[in-house]
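Report on one structure; see the data block that follows.
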Amino acid sequence: MTTALITHADCLEHVTPEGHPERVARLAHVLHALEPLDLTRVRAPLAADADVLRVHPERYVADLRDAAPVNRFAAIDGDTFLSPGSLTAAYRAAGAGVRAVDMVLGGEVQNAFCAVRPPGHHAETDTAMGFCFFGSVAIAVKHALDHHGLSRVAVVDFDVHHGNGTQDLLWDEPRALLITSQEMPLFPGSGRRDEDGAHGQIVNLPLPGGSDGAHMRQVYEAEVFPRLRAFAPELIVMSAGFDAHRDDPLATLDWTEDDFAWITRGICDIADDICGGRVVSMLEGGYDLAALAASARAHVQELMKAGT
């Protein structure tokens, strides 16, 4: 079995203003770092409206289309901008997650990494924010549950910022376990331990600023991995943000690429034991270009090892 790399050139057409941290170069650096690897390369399709509407209301999608500019930029808020290519890129990002689920559940590949942008885990039900428009991970999860008929899907979000959007979109979904670790206090300000979902199926693990990979490993071994095993998911989806790296300019955690490899290996080992190794990973944050590229490569190399 192999690892799929799902991406599309349209994701390079989501352009942000000069100096914005979520820039085209992020994805370019990731793709360059992954170029030498022996991956099954797949073009991300556009998500169908039916996929997006599993988590977002039709009015919200229509409002985004109305706001999309013909040229230059349209500001959703002080951080989140639409350019002429942004919505197509967002549909490709969501479509990548759907395609990854189809490939992994269909036995075409062991696991998949979606190298896409814009990211998605801050997009709430009817609010674009934090560089995000569509909740791509939540869309992938709902596709696995509703289209493929799975009973249990787990999400692990190790982006340094809390995945408030994924939490909002899966708050009432008893079939989905969401485990998310994040630096606190930090944008977007959510992610307290008492935010535990309508069915107690959301696990928030705040990490103190300045804490390192050794602290993270203790938390994951004590709380993340046992909760994953107890839930016994049929598929694990990762929100793979690499902005907890010590070199990232938007946060203060002190992780290295070895820490991202360790998380990936631990999750893949659990997937091997519980759900036939079925894992889908989607790129979220990471804003130091060199750290992002090195961390994404370490992450994908662990996916490849798990797929052999």
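Cβ-Cβ under 8 Å, sequence separation 6+ or interchain: first residue in the stretch 8-37 and without any contact (Cβ under 8 Å) to a residue 24 or more places away in the chain and more than 22 Å from Pro69 (Cα to Cα), partner assigned to a helix (DSSP H, G or I) and among the aliphatic types (A, V, I, L, M). Which pairs?
Here the result reads Ala28/Leu12, each pair linking the stretch 8-37 to a residue that is assigned to a helix (DSSP H, G or I) and among the aliphatic types (A, V, I, L, M).
Pull up the stretch 251-282, narrow it to residues that are in a loop (DSSP other than H, G, I, E, B) and β-branched (Val, Ile, Thr), then point me to the one that is surrounded by the fewest Cβ atoms within 10 Å (Cβ to Cβ). First the steps, then the outcome.
Residues of the stretch 251-282 in a loop (DSSP other than H, G, I, E, B): 251-253, 256, 275-278.
Pick out the ones that are also β-branched (Val, Ile, Thr) and you get 252, 256.
On the way: Thr252: 14, Thr256: 18.
Ranking the qualifying residues of the stretch 251-282, first place goes to Thr252.
Where in the stretch 124-229 are there strands (runs of 3 or more DSSP E), lying wholly inside it, with at least 2 residues that are in contact (Cβ under 8 Å) with a residue 60 or more places away in the chain and β-branched (Val, Ile, Thr)?
Values: elements: 153-157, 176-184, 202-208.
Filter on the stretch 124-229 gives 153-157.
Here is a yes/no grid of residues against (1) farther than 20 Å from Phe242 by Cβ; (2) under 18 Å from the mean Cα position of the chain (by Cα):
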position: Ala9; (1), (2): yes, no
position: Val15; (1), (2): yes, no
position: His20; (1), (2): no, no
position: Leu34; (1), (2): no, yes
position: Asp38; (1), (2): yes, no
position: Leu46; (1), (2): yes, yes
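Mind listing just one residue for me: the one in the stretch 114-149 that is among the hydrophobic types (A, V, I, L, M, F, W, C) and surrounded by fewer than 24 Cβ atoms within 10 Å (Cβ to Cβ) and, of those, farthest from the chain's Cα centre (by Cα)?
Residues of the stretch 114-149 that are among the hydrophobic types (A, V, I, L, M, F, W, C), as a first pass: 114-116, 123, 128-129, 131-134, 137-141, 144-145.
Subsequent filtering for residues that are surrounded by fewer than 24 Cβ atoms within 10 Å (Cβ to Cβ) retains 129, 145.
On the way: Met129: 15, Leu145: 17 Å.
Residue satisfying both the conditions and the ranking: Leu145.
Quick check on the stretch 191-205. Is at least one of its residues within 11 Å of His161 (Cα to Cα), surrounded by fewer than 18 Cβ atoms within 10 Å (Cβ to Cβ) and in contact with a strand residue (DSSP E or B) (Cβ under 9 Å, 6 or more places away or on another chain)?
The answer is no; no qualifying residue exists.
Give the residue, chosen from Asp259, Asp273, that is under 22 Å from Ala214 (Cβ atoms) and charged (D, E, K, R). Walk me through it before giving the result.
Values: Asp273 fails: under 22 Å from Ala214 (Cβ atoms).
Step by step, each of Asp259, Asp273 is checked, and only Asp259 is under 22 Å from Ala214 (Cβ atoms) and charged (D, E, K, R).
Hey, could you check the stretch 66-113 for residues that are within 16 Å of Asp51 (Cβ to Cβ) and of a type in the set (Lys, Arg) and say which is surrounded by the fewest Cβ atoms within 10 Å (Cβ to Cβ)?
Selected residue: Arg99.
Any residue in the stretch 281-308 that's farther than 24 Å from Ala90 by Cβ: show its pairings with residues that are basic (Lys, Arg) at Cβ separation under 9 Å, as long as the two are six or more apart or on different chains.
Going by the 9 Å Cβ cut-off, the qualifying pairs are Ala291/Arg246; Glu302/Arg265; Lys305/Arg265; Ala306/Arg265.
Can we say Ala123 is more than 22 Å from Asp49 (Cβ to Cβ), modelled with pLDDT of 95 or more and among the small types (Gly, Ala, Ser)?
Working: more than 22 Å from Asp49 (Cβ to Cβ): no; modelled with pLDDT of 95 or more: yes; among the small types (Gly, Ala, Ser): yes.
Spelling it out, it is not the case that Ala123 is more than 22 Å from Asp49 (Cβ to Cβ), modelled with pLDDT of 95 or more and among the small types (Gly, Ala, Ser).
Test Phe231 against the criterion of being within 22 Å of Gly165 (Cβ to Cβ), buried (at least 24 other Cβ atoms within 10 Å of the Cβ) and either at pLDDT below 95 or aromatic (Phe, Trp, Tyr) (or both), and give yes or no. Quick ask: steps written out before the conclusion?
Values: within 22 Å of Gly165 (Cβ to Cβ): yes; buried (at least 24 other Cβ atoms within 10 Å of the Cβ): no; either at pLDDT below 95 or aromatic (Phe, Trp, Tyr) (or both): yes.
No; evaluated as a whole, the condition is false for this residue.
The values are calculated or read from the model by the stated rules, or taken from the named source; none is laboratory data. As the structure is a computational prediction, the values presented were derived from the model and not from experiment. FYI the Cβ positions are ideal-geometry reconstructions off the backbone, even for glycines, and counts take in every protein chain you see.
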